[in-house]
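Here the structure comes first, spelled out in structure tokens, and everything after it is commentary.
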Amino acid sequence: MANLSHSELLQLKRWNSPTIYNGWEAITKHDITQGFNREETRDYMPHMGPMAGYAVTVQVEPGNSEHPRQNPNAWSEYRQYVASIPGPKIVVVQDLDKPSVIGAFWGEVNSNIHRSLGCVGTITDGAIRDIDEMNNAGFKALARRTCVGHAFSTPVRWGIEVEVFGCRVKPGQLIHADKHGFLVIPEEDEAGLLEASVYMDGNECNTVIPAARNVMGKTVEQLLSGMDEAGRQFGHNMKQRFGTTGEW
């Protein structure tokens, strides 16, 4: 299956991750309690808005001094892997030191390097540093925390399935992420994701949201009745479009 076009990815970025989840929920046959972070994330660049891209994956273990000695060419080999994959890319980093934080994989230099290789940001269950400099590079980061040093931070394994924040991520999977967390899209759901997300936002704006906002001069009974009717209309629209009832 071909990746989404650059135009489609730009349009996905116009919506927050909960809206993209709503669209995905409408079209997927997968378990809707899976496929997103199960642990809390922190968006260190919320002003950049959402990011969308395809996963490149890497494991690190900054607390282990053996890794740089075992493979002194690891950085070069890893960068060749990243460069070989079409962008835009999101680098998903599993820190094997977890729950400890010994060193940061990300800082000013590494962010600029990855930006030049077509990466738009990272999701790491480890640490980042040089936040101002990462902002200057235009490199978005969802991370567990910050850290002063890098320790023995070097790529250990890459191009493999990883687990971050309680979510499994395979190389090449489409990811949407923002200050709420991140969503990993199954390949078969990519094609219909944008259309479904736009529709779901419109369905809310035309039914349940007006029912909750249009309160002037109404009794409580009228408000509740209107909300019930709006919920029924929301579900009817969902049934007509996707064959499901949806959230309301």
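The values are calculated or read from the model by the stated rules, or taken from the named source; none is laboratory data. Being a predicted model, the structure only gives us computed values, none of them experimental. In this analysis, Cβ positions are derived from the backbone assuming ideal geometry, glycine residues included, and neighbour counts consider all displayed protein chains. Note: areas computed on protein heavy atoms with side chains; ligands, DNA, RNA excluded. Shrake-Rupley method; radii C 1.70, N 1.55, O 1.52, S 1.80 Å.
In the set 229, 204, which member is surrounded by 12 or more Cβ atoms within 10 Å (Cβ to Cβ) and over 30 Å from the mean Cα position of the chain (by Cα)? It would help to see each step written out before you state the result.
Numbers: 204 fails: over 30 Å from the mean Cα position of the chain (by Cα).
From the options 229, 204, the qualifying one is 229.
Looking only at segment 5-34, count how many residues are open to solvent by 70 Å² or more (accessible area, probe 1.4 Å), touching a helix residue (DSSP H, G or I) at 6+ places or on another chain (Cβ under 9 Å) and part of a helix (DSSP H, G or I).
Total satisfying the criteria: 1.
Any chance you could count how many residues in segment 35-73 are in a loop (DSSP other than H, G, I, E, B), open to solvent by less than 40 Å² (accessible area, probe 1.4 Å) and in contact with a Ser or Thr (Cβ under 9 Å, 6 or more places away or on another chain)?
Matching residues across segment 35-73 total 4.
Can you list the strands (runs of 3 or more DSSP E) lying wholly within segment 121-199 that have 1 or more residues being among the charged types (D, E, K, R), open to solvent by less than 20 Å² (accessible area, probe 1.4 Å) and at positive phi? Steps first, answer last, please.
Numbers: elements: 140-146, 155-158, 162-164, 167-169, 174-178, 181-185.
In segment 121-199, no matching strands (runs of 3 or more DSSP E) lie anywhere.
Starting from segment 229-242, take each residue that is closer than 14 Å to residue 205 by Cα and touching a residue at least 60 places away in the same chain (Cβ under 8 Å) and list its partners that are part of a helix (DSSP H, G or I) and not basic (Lys, Arg), counting only C-beta distances under 8 angstrom and pairs at least six apart or across chains.
238/26; 238/203
I'd like the full set of residues that are open to solvent by less than 70 Å² (accessible area, probe 1.4 Å) and part of a helix (DSSP H, G or I), limited to segment 210-221.
210, 211, 212
Residue by residue, here is whether (1) open to solvent by less than 50 Å² (accessible area, probe 1.4 Å); (2) closer than 21 Å to residue 54 by Cβ; (3) in contact with a Cys (Cβ under 8 Å, 6 or more places away or on another chain); (4) part of a loop (DSSP other than H, G, I, E, B) holds:
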{"site": "77", "(1), (2), (3), (4)": "no, yes, no, no"}
{"site": "85", "(1), (2), (3), (4)": "yes, yes, no, yes"}
{"site": "98", "(1), (2), (3), (4)": "no, no, no, yes"}
{"site": "110", "(1), (2), (3), (4)": "yes, yes, no, no"}
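Condition first: of a type outside the set (Gly, Ala, Ser) and under 16 Å from residue 48 (Cα atoms). Now tell me which residues in segment 113-123 satisfy that.
Quick first cut of segment 113-123, residues of a type outside the set (Gly, Ala, Ser) only: 113-115, 117, 119-120, 122-123.
Scanning segment 113-123 gives 115, 119, 120, 122, 123.
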